[in-house]
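K.L.:
Here's a structure for you.
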Amino acid sequence: MCEHHHHHEYSKENDKLHLIKIILALILFILAIAVMPAGIAKVIIFLTAYIIAGGDVLIKAVKNIFKGDMFDENFLMFIATAGAFAIKEYPEAVMVMILYQIGEFLQEKAVEKSRRSISRLMDIRPDYANIEINGELTKVNPKEVKKDAIITVKTGEKIPLDGTVIEGHASVDTSALTGESAPKELNTGDSAISGCINTNGLLKIKVEKEFGESTVSKILELVEHAGVKKAKAENFITKFARYYTPAVVAGAFILAVIPPLILHTGFSIWVQRALTFLVISCPCALVISVPLGFFAGIGGASKHGILIKGACYTEALSNPDSVVFDKTGTLTKGTFKVTEIHPEGLTKQELLKMCAHAENYSSHPIALSLKEAYGEKIDSEKIKEIEEIAGNGVKANIEGSEILAGNSNLMKMFNIEFPLIDSAGTIVYTAKNRNFTGYIVISDEPKEDAKLAINNLKIFANQTVMLTGDSQKTANYIAQKLGIDKFYAELLPAQKVEKLEELIADKEKNKSVIFAGDGINDAPVLTRADVGIAMGGLGSDAAIEAADVVIMDDKPSKIAKAILIARKTMSIVKQNIIFALGIKALFLILGAFGIVTMWGAVFADTGVALLAVINSLRALKA
């Protein structure tokens, strides 16, 4: 059922038609009950309402009969409601179809609201590659570029193909692919990955892989085809109907034919009992309360900013084996912030002032975080000259002093003695007039509720796991700080999928693997997981589309809340199933012996359905 919802588009026109059909059937039903006197007109109005509400169910039942797959809930609803008509229980037949359509409509609406277009994922696809032809750079389709060709990537352009840097230095944004928050510095000899954006500098790259084999192409392919591996959660009613439907139909036939032949009595009373038996057997309580229970759970979750896209994801969410996280933007804020200031020979504010002025004209994320931490207006008149040293940092003349701010290579380049700091964050070393003046640590901080999220999830899941494109050191720091059981670092998107598949292969039977992420690079993993959770408020459209659950306010602690709601919902659904089947079984036995009349049959069907619906609505308060 959820596989169908995951791929089917519901248009506004379909919604309107569905709603009009329900309202029209209800109006005719009320008209027949309250206004029309007994007679052929009343029967015609009931029949019209029945066809309007249940026409698609009847068509599905007939189609399935011709396909040889007749014993499903559509067939049972058809034969049971036809039986109700045969014994002149017209309101029963019509109301079964109306309530069924209401349940279907509510499910469709819940799924419809969660749809997002995946087309924006194509933003990582490069539009062109620059190749030098007759001394001039010419834009060509990346698919036309052959291996070993030399391409040029200018500032602001996407790297179109995988290769090796043969000339130039640049800082590239790899976050769309690796999820790594820190910009990556590329120098001669380094590998360049397609899909990254050159934020500054000029690169000449020797192509190592043609477009079809490139990283960006593989990601697009993974997103496109990973859906076929999605875990299939079949609807309980469909499974149950495979056995239940032929059993009750055979039981009704036996009840109508065998007793009169053995007892030598008239057929009339036994046919009446058989029809009563069929009305009792109608799965009204199940076909309405089960989807409505899931829908109510979805509605209850939405009140907490949690969007669940379908019933099967609620079921899978309720019983996790492993909860797997992306790091950047999911467990961490995804933004740089100054976390430590260690000055030597000056105050913290003076060190910040010095760095902020040196980085004044840069839009690099590290520069922005330094200026934000400084927090005061920068006097640009004090800055006489700035020289950006690609891949290493900046050199500036501020109030007559030479200021250096950058990585360890920058310090070595100017022969400055400094202590090499081992930290999970990005280190900005500083010097004034060739004397070391301290360092600043800039890092991507964990979200405020990340540790709480991990602690709560350990109550429900066997283990928590983190997959990240970040360095081993950074991943280890975050994992230890938050109390995560396992982590895997320096992974590309395809490797994340491989790790996730290993976890799925090792999971306990009947349990699920949940993955939570926010970036474009997470879309293939979200699609492959039993339940994919997107941090929706700041997450990419691709991740939101690929996911089965969306946390609208980006709080990882909401994942535990989602599991709690899913568990309550499953408890209510199971209560409804046990209650409905228990009452059905009892009344079927009593009906077979003629102890229960048609009024009892109506209670066993619509009465039980009503009680089950009321119970289902408790999930709204999850």
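K.L.:
Apply the Karplus curve 6.51 cos²θ - 1.76 cosθ + 1.60, θ = phi - 60°, to the phi angles in the range 27-43 and return the couplings in whole Hz, x for Gly and Pro.
P.N.:
Karplus-based 3J(HN,Hα) across the range 27-43 equals 4, 5, 4, 5, 4, 5, 6, 8, 10, 6, x, 4, x, 5, 4, 4, 5 Hz.
K.L.:
Per-residue HN-Hα couplings for the range 314-325, Karplus 6.51 cos²θ - 1.76 cosθ + 1.60 at θ = phi - 60°, whole Hz, x for Gly and Pro?
P.N.:
Using θ = phi - 60°, the values come out as 4, 4, 5, 5, 6, 9, x, 8, 10, 10, 10, 10 Hz.
K.L.:
Taking H as built 1.01 Å from N, whose amide H comes closer than 5 Å to the amide H of ALA192, not counting residues under 5 places away?
P.N.:
Excluding prolines and chain starts, which carry no amide H, the hits are GLY163, THR164, VAL165.
K.L.:
Under the Kirkwood approximation for Rh and a Cα-based Rg, what ratio Rg/Rh is obtained for the range 368-432? Working shown, then result.
P.N.:
Details: Rg = 12.6 Å, Rh = 13.0 Å.
Rounded to two decimals, Rg/Rh equals 0.98.
K.L.:
Past 22 Å, Cα to Cα, is the threshold; run LYS184/LYS384; LYS184/LYS412; LYS16/LYS621; LYS451/LYS473; LYS353/LYS395; LYS511/LYS561 against it and keep the listed order. Please list the in-between numbers first.
P.N.:
Working: LYS184/LYS384 28 Å; LYS184/LYS412 19 Å; LYS16/LYS621 28 Å; LYS451/LYS473 19 Å; LYS353/LYS395 15 Å; LYS511/LYS561 18 Å.
Beyond 22 Å: LYS184/LYS384; LYS16/LYS621.
K.L.:
Suppose we take every Cα in the range 283-423 and form the convex hull; what volume per residue is that in Å³?
P.N.:
On the way: hull volume 25.5 nm³, N = 141.
In the range 283-423, the Cα convex hull volume per residue is 181 Å³.
K.L.:
Multiplying the sequence separation of GLN472 and SER423 by 0.36 nm and subtracting their Cα-Cα distance, what value in nm do you get? All intermediate terms of the calculation are to be shown ahead of the outcome.
P.N.:
Values: separation 49, 0.36 × 49 = 17.64 nm, distance 1.14 nm.
In short, 16.5 nm is gained.
K.L.:
Hey, another quick one. Spelling out what I want: for every residue of the range 458-473, take phi, set θ = phi - 60°, compute 6.51 cos²θ - 1.76 cosθ + 1.60 (Karplus), and round to whole Hz; glycine and proline get x.
P.N.:
5, 6, 9, 10, 6, 7, 10, 9, 10, 10, 8, x, 5, 5, 4, 5
K.L.:
Residues with beta-carbon under 12 Å from that of ILE306, excluding ILE306: net charge, scoring Lys, Arg +1 and Asp, Glu -1? All intermediate terms of the calculation are to be shown ahead of the outcome.
P.N.:
Working: positive: LYS303, LYS309, LYS555, LYS558, LYS561; negative: ASP548, ASP553, ASP554.
Taking every Cβ under 12 Å from that of ILE306, the sum is +2.
K.L.:
Roughly what would the spin-label model give for GLU208 and ASP449, points 7 Å off Cα along C-beta, in nm?
P.N.:
A separation of 4.2 nm, rounded to one decimal place.
K.L.:
Another one. Considering the zone a paramagnetic label at LEU263 would reach in this model (a point 7 Å from Cα along the Cα-to-Cβ line), which residues of the range 577-598 have amide N under 11 Å from it?
P.N.:
Of the residues in the range 577-598, 592-595 have backbone N under 11 Å from the label point off LEU263.
K.L.:
Non-local amide H neighbours of GLU89 (under 5 Å, H modeled in plane, Pro and chain starts lacking H): which ones?
P.N.:
none
K.L.:
Percent of alpha carbon pairs in the range 340-462 separated by more than 18 Å?
P.N.:
Numbers: 4033 of 7503 pairs.
The proportion of pairs with Cα distances above 18 Å equals 54 percent.
K.L.:
Please enumerate, by chain and number, the lysines with C-alpha under 17 Å from the C-alpha of LYS42, excluding those fewer than 8 residues away in the same chain.
P.N.:
LYS88
K.L.:
Here is a further query. Would you mind getting me the FRET efficiency between THR347 and MET413? Use the beta-carbon distance for r and R0 = 25 Å, nearest 0.05. Write down the numbers at each step before the final one.
P.N.:
Values: r = 27 Å, r/R0 = 1.07.
In this case the efficiency is close to 0.40.
K.L.:
Sorted from largest to smallest, which semi-axis lengths in Å does the alpha carbon gyration tensor of the range 396-448 give for its equivalent ellipsoid, taking the root of 5 times each eigenvalue? Walk me through the numbers on the way to the answer.
P.N.:
Details: eigenvalues 112, 35, 12 Å².
Gyration-tensor ellipsoid for the range 396-448: 24, 13, 8 Å.
K.L.:
Estimate the FRET efficiency between ILE20 and ALA505 by the formula 1/(1 + (r/R0)^6), using the beta-carbon distance for r and 45 Å for R0, to the nearest 0.05.
P.N.:
Values: r = 48 Å, r/R0 = 1.07.
E(calc), rounded to 0.05, equals 0.40.
K.L.:
Using the basic label-point model (7 angstrom from Cα toward the beta carbon), what is the THR335 to GLU399 distance in nanometres?
P.N.:
Roughly 2.9 nm, to one decimal.
K.L.:
Right, another one. Work out how much length GLU167 to GLU376 would gain on full extension: take 0.36 nm times their residue separation and subtract the Cα-Cα distance, in nm to one decimal. Please report the intermediate quantities before stating the final value.
P.N.:
Values: separation 209, 0.36 × 209 = 75.24 nm, distance 3.87 nm.
Taking 0.36 nm per residue and subtracting the Cα distance, the gain is 71.4 nm.
K.L.:
Using Cα-Cα distances under 8 Å and only pairs 6 or more residues apart, what relative contact order does the range 424-511 have, in percent? Intermediate results must be reported in sequence, preceding the final value.
P.N.:
Working: 88 pairs, mean separation 19.0, N = 88.
So the answer I get is 22 percent.
K.L.:
Can you pull the one-decimal nm distance between simple spin-label points at PHE579 and GLU490, each 7 Å off the Cα toward Cβ?
P.N.:
In this crude label model, PHE579 to GLU490 measures out at 5.7 nm.
K.L.:
Assuming R0 = 51 Å, can you tell me the calculated FRET efficiency for the pair THR188 and ILE459, based on Cβ-Cβ distance, to the nearest 0.05? Present the calculation step by step, with values, prior to reporting the outcome.
P.N.:
Numbers: r = 51 Å, r/R0 = 1.00.
According to the calculation, E is roughly 0.50.
K.L.:
First select every other residue whose beta carbon is under 11 angstrom from the beta carbon of ILE383; then total the charges, Lys and Arg +1, Asp and Glu -1. Could you put the intermediate results ahead of the total?
P.N.:
Numbers: positive: LYS382, LYS384; negative: GLU359, ASP379, GLU381, GLU385, GLU399.
Charge balance in the 11 Å sphere: -3.
Bear in mind these aren't lab numbers, they're just calculated from the coordinates by the rules spelled out. These numbers come from a predicted model, not from an experiment. Note that we place each Cβ from the backbone using ideal geometry, even for glycine, and neighbour counts take in every protein chain shown.
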